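Reviewing the structure listed below.
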Amino acid sequence: MQILIISKYAISKEMGFETRLFAMARIFAKKGHEVNIISSVDNYFGKFPGDYTKTYNSETIANIKVTWIRSLNYKKTISVRRVLGWFDFEWKLFWIKKKWLGKPDVIIVSSLSLLTIMNGLRLKRKFNCKLVFEIRDIWPLTLTEEGGYSPRNPMVKFLSWIEKRGYKKSDLVVGTMPNIGEHVRKVTKENINCVCVPFGFSLSDFEITSSNKNFVDYQLPKGKLIIGYAGSIGLSNGLDTFIKVIRRLSQNDKVFFLILGKGGMKQSYVDYLAGCENVKFIDKVERYEVKNILAQCNVLYF
């Protein structure tokens, strides 16, 4: 089959780290399918070494044809500029030439951004193909539950309309959460075809080779209870209570905290814990290092 994957945030390991969609694309390609990916070169988490100066930039990575769209860049994950970048990406995706799309049998659209499903529905009609809608962040539920926005907010209503339309018009809804089906049926009041495909990992990401066998010594204290967290440091990660506990236990010499990762909330947490000697922040590391760092902890926070 020809599989077209569209997501503003799909990145390969050549750009810093491999996202779920690129990992899946490699497997699809190994099974003999022809895979095209359309993504954005302006991603807060990626490192793009190439010269992507054009609006549409094409290259091949591991037998996968990739089209990078140059859209509005941003510096913070929580910002108006990031949201404007979603609309910019969709506008340029709307005008993309057919040569970048191929003739897909299946289109996979993954949120975020939720707006992409509208282009996905248009392309489904254009190519008369199947459409898979993958949900990783449930919008606008994220806005109302985490952002505190009213369900009557015009933006929330607009996204609610897109969400329902995407669920109803797609051939399959995929979610990383085990109860995605219950949510979709609650929103649509229909028996939508849903399946959970949870996050996974590749064993090869953690293999020790001659080029990565020397781990960095992060000099964690000995003889203390090490409590660690690894992952994104943002609003969605529920770290507020964890951070407050670190500050309250700043005088406890038996406990030490380790926070590994980066995100939009990191600097505010660093400022809040200024002067606390019972915590260490480590920036994002290579995947093969993660296991070694977590192995030094006694308790992990999720």
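Select from the range 274-302 the residues that are of a type in the set (A, V, I, L, M, F, W, C), within 13 Å of residue 218 (Cα to Cα) and open to solvent by 70 Å² or more (accessible area, probe 1.4 Å) and list them in ascending order. 295 - this is the single residue of the range 274-302 that is of a type in the set (A, V, I, L, M, F, W, C), within 13 Å of residue 218 (Cα to Cα) and open to solvent by 70 Å² or more (accessible area, probe 1.4 Å). The criterion of being within 28 Å of residue 295 (Cα to Cα) and open to solvent by less than 90 Å² (accessible area, probe 1.4 Å) holds for residue 216.
The condition of being in contact with a Phe, Trp or Tyr (Cβ under 8 Å, 6 or more places away or on another chain), in a helix (DSSP H, G or I) and open to solvent by 80 Å² or more (accessible area, probe 1.4 Å) holds for only one of 165, 81, 125, that being 81.
Return yes or no: is residue 122 of a type in the set (Lys, Arg) and within 15 Å of residue 43 (Cα to Cα)? Can you show your working first?
Working: of a type in the set (Lys, Arg): yes; within 15 Å of residue 43 (Cα to Cα): no.
So residue 122 fails the test.
Put simply, of 223, 231 the only residue that is at pLDDT below 95 and under 14 Å from residue 301 (Cα atoms) is 231. One residue stands out among those in the range 84-98 that are of a type in the set (Lys, Arg) and touching a Phe, Trp or Tyr at 6+ places or on another chain (Cβ under 8 Å): the one that is nearest to residue 115 (Cα to Cα), which is 92. When the residues of the range 130-142 are filtered to those that are more than 10 Å from residue 160 (Cβ to Cβ) and either among the aromatic types (Phe, Trp, Tyr) or modelled with pLDDT under 85 (or both), the one that is surrounded by the most Cβ atoms within 10 Å (Cβ to Cβ) is 133. Can you confirm whether the range 234-243 contains a residue that is assigned to a strand (DSSP E or B) and at pLDDT 90 or above? So far as the range 234-243 goes, no, none of its residues is assigned to a strand (DSSP E or B) and at pLDDT 90 or above.
The values are calculated or read from the model by the stated rules, or taken from the named source; none is laboratory data. Because the structure is predicted, anything quoted here is derived from the model rather than measured. Reconstructed Cβ throughout: ideal geometry from the backbone, glycine too, with neighbour counts over all protein chains shown. To get the accessible areas, we keep the full protein, side chains included, count just its heavy atoms, and leave off ligands, DNA and RNA. Shrake-Rupley method; radii C 1.70, N 1.55, O 1.52, S 1.80 Å.
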